[in-house]
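Comments concern the structure below.
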Amino acid sequence: MNQFLAKKRHPEDGYELWLRYAPITDSSTRAAYQQVLQQMVIHATSPTLQAAQEELALALENMLGEPVPFVESVTQANTLVIGTPHSSSEIAALDLQPLLAQVGEEGFVITRMAVQSQDCIVITANTDLGVLYGVFHFLQHLQMQRSLDDLHIISAPKIKLRMLNHWDNLDRTVERGYAGFSLWDWHNLPDYLDPRYKDYARANASIGINGVTVTNVNANALVLTPQYLRKVAALADVFRPYGIRVFLTARFSAPMEIGGLETADPLATEVAEWWAAKVSEIYDYIPDFGGFLVKANSEGQPGPHDYGRSHAEGANLLARPLVAHGGVVIWRAFVYDEDVPEDRAKQAYNDLVPQDGTFLENVLLQVKNGPIDFQPREPYHPLFGAMPKTPLMLEVQVTQEYLGLATNLVYLAPLFKETLDADTYCDGPGSTVARVVDGTLDDNALSGMAGVSNIGTDRNWCGHPFAAANWYALGRLAWDHQLSSESIAEEWLRMTFSNDDHFVEAATALMIESREAVVDYMTPLGLHHIMARDHHYGPGPWVDEGRPDWTSVYYHRADQEGIGFDRTASGSNAVSQYHSPYREQLADLDTCPEELLLWFHHVPWQHTMKSGRTLWDELCDRYNQGVESVRRMQQTWASLAAYVDEARFVHVQSLLRIQEQEACWWRDACLLYFQTFSQLPIPPQYEQPAQTLDYYINLRHYYVPGIRERRFG
Ligand code: GCV
């Protein structure tokens, strides 16, 4: 055995994510790689190219067992040549312009070609960042043990802003975070730079993420004070070589809270002056500051409505001073008001569509995938396709607030893809959400996709060993929304666990199944928002107190007749916010897709479903299918023990056991509760509830993670 294979690696703990660079144990693959990777040339003239060099050195030594030397110039065949036409005279001498013209500012070319008449591999791009992305992609290729013969990869991102939104508070709690505390050690910043910051940046860059908001959208204005800006600047310095720009969440009332003004009215001169001065101050600290992400007039947050002003007036106030610096405002479309009697699903559309065309050019509107709130399944948000003059960013939730926190294995690429692939019909068939978001449909200069982070201080970053796949999927889909969920799962599995084909095939199937499983055991057939109050852990279809749009009964509307929210013309008419022919398809009970049935219709318990079963029996069946899926996932995982290190195997196995218990809990609690309306038996072929309805209603859970910030004072 080669010396390096005998080297004892530290036990797997997930820290290295998909950047494990595991030794290549297959001797023929290793020999083939060693043959074509005999030396490397990179002129690391910038911190970004230095990062690329460092990554190559680390990865190749780990994978091949010995360092691949860096040399000054190409003197022999089988050299890896890395750089831009500016950083490398050897690359400048090649005729790569036609290829480089296709990849823009961030894309890359990886190709096998003659350099100075020698057979080499070239990784090149127009910018240093493009080179870094190319290096990460090349290393992914090697980690997946793909062939280097005929290598020719040209890749460029389809979406410009590819972001992670942290909902991290300054006290280090993470709203809806289930993987420990916030990575950002505010107390010790800027003087202590935790090495994790760099590893975090590496992981992000490896999947093309180029922007992060480090603070919660339920914002604390303190982050805009010099004391905190110094700390944010230190993070930005670590992230910069990896092409990651920092954004901050801006609390709309900051001019009052930290600026001593008496108003935050967007039309008041002193307020505009305050923001202008604040923006210049931020750029003094962070010269490549990305801009602001704003949650306003939503769930108690301050905003322009407090002064009778519109969202556009609010967004433009912050956007105006950013123009000169190349910064943007990302204004969230997650706006709804308990005092507005309208269906919550319709409110954002009603408020924002009339403002289309009134936002400044450096404003993007960030829209959640669905019109309510990151439920296991929602129809796509009707704002997509309704605001052609405004760049719309897609916001998805990577953290699993409504999908079993970090104890449930739920692979989210199918959920993200479902939205991206949905046809809005706004400009005829084929007007997909992806084309709205990437800007091609309306020819927008700006485009973006953001995911609410699931990252914390847990050693493996995301809590569940499979949760990192969702971080990975966010980056990969923001780069290329045409990738399939299966191919993303395969990449992630090969790099995270094992390159064995049998393992990859079985584990991919498990991951793909997991999304539909959670829909079935939590909210089948279009049910939504029926979880427990506040912490959202576990079922709570009986929740009926407090503001109505935060209860469950508002959404499921179960009664003696049936169940579901009538959003047709006889109800809230939310269907009218979708374009034809989807609108008509949704409005008709017979053509509405069954997976969205109870989202759009109040359906009698005895209604005959496509399966021939009554609605009640179908509901019982779906809840049971969800449980059965989890049991299948458990069996699949059990069969894969030989392919996975013990620590991670046992961790996943234990969490799947918890998931199975929770799936049963959801099923039993929901069916017992809905049965009080249907008055129908759970068919005998299904497992009967383990406890009484009272038992489930009276369960209490304390200190569920994902709490809100403890405010100072
Ligand atoms: C950050 C949901 C969550 C909140 C979150 C909000 C949002 O309502 O429960 O914790 O607040 O979405 O997206 O702003």
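Just so you know, all these numbers are worked out from the coordinates, no wet-lab data involved. This one's a predicted model, so the numbers in the text were calculated from it and none came from an experiment. Note: ideal-geometry Cβ built from the backbone for every residue, glycine included; neighbour counts use all protein chains shown.
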Taking Met393, Met256 and counting other C-beta atoms within 10 Å, the order from fewest to most: Met256, Met393
Listed residues Ala348, Trp550, Leu477: farthest to the positive end of the dipole of the chain (Cβ charges): Leu477
Charge dipole magnitude, Cβ of K and R +1, D and E -1 - region 228-287, Cα centre, debye nearest 20: 440 debye
Pairwise label distance in nanometres, Ile707 with Ala647, each label 7 Å out on the Cα-Cβ vector: 2.9 nm
Intensity falloff of the chain expressed as log10 I(q)/I(0), Debye formula with alpha-carbon point scatterers, at q = 0.05 Å⁻¹: -0.25
Dipole magnitude (debye, nearest 20) for region 469-575, charges at Cβ of Lys, Arg, Asp, Glu: 380 debye
Rounded FRET efficiency, nearest 0.05, which uses the C-beta distance separating Asp237 from Thr269 and R0 of 30 Å: 0.30
Shape category assigned to region 155-198 from the gyration tensor of Cα positions, a/c cut at 1.5: oblate
Rough spin-label spacing in nm, given labels placed 7 Å along Cα→Cβ, for Ala31 and Asp194: 4.6 nm
Length added when fully stretched, Val553-Glu584, from 0.36 nm per residue minus Cα-Cα: 8.5 nm
Calculated FRET efficiency for the pair Val340/Ser487, C-beta based, R₀ 45 Å, to 0.05: 0.60
Region 683-713 residues near the modelled Asp171 label - backbone nitrogen below 13 Å, point 7 Å along Cα→Cβ: 706-713
Positive-pole candidate from Ile512, Gly259, Thr173, dipole of the chain, charges at beta carbon: Thr173
Ordering of 606-618, 376-388 by burial proxy (mean other Cβ atoms within 10 Å per residue, highest first): 376-388, 606-618
Where labels lie 7 Å past Cα in the beta-carbon direction, separation of His86 and Glu545 in nm: 6.3 nm
Estimated 222 nm signal from helices in the chain, with DSSP H stretches of n ≥ 4 weighted -39500 (n - 2.57), rounded to 500: -11000 deg cm²/dmol
Cβ-based charge dipole, the chain, positive-most Cα from Tyr21, Leu139, Met113: Tyr21
Inverse of mean 1/r across different Cα pairs in region 288-367, Kirkwood, Å: 13.0 Å
Modelled FRET efficiency - R0 22 Å, Asp356 with Ala569, Cβ distances, 0.05 increments: 0.35
Members of Lys346/Lys389; Lys198/Lys417; Lys160/Lys368; Lys368/Lys417 lying beyond 22 Å, as alpha-carbon distances in this model show: Lys198/Lys417
Burial ranking of peptide ranges 542-550, 464-472, 304-312 (average Cβ count within 10 Å, highest at the top): 464-472, 304-312, 542-550
Charge dipole (debye, nearest 20) of region 381-478; +1 at Cβ of Lys and Arg, -1 at Cβ of Asp and Glu: 280 debye
The chain - share of DSSP beta bridges that are antiparallel (%, nearest 5): 30 percent
Region 497-526 and region 242-283: distance between their alpha carbon centers, rounded to Å: 44 Å
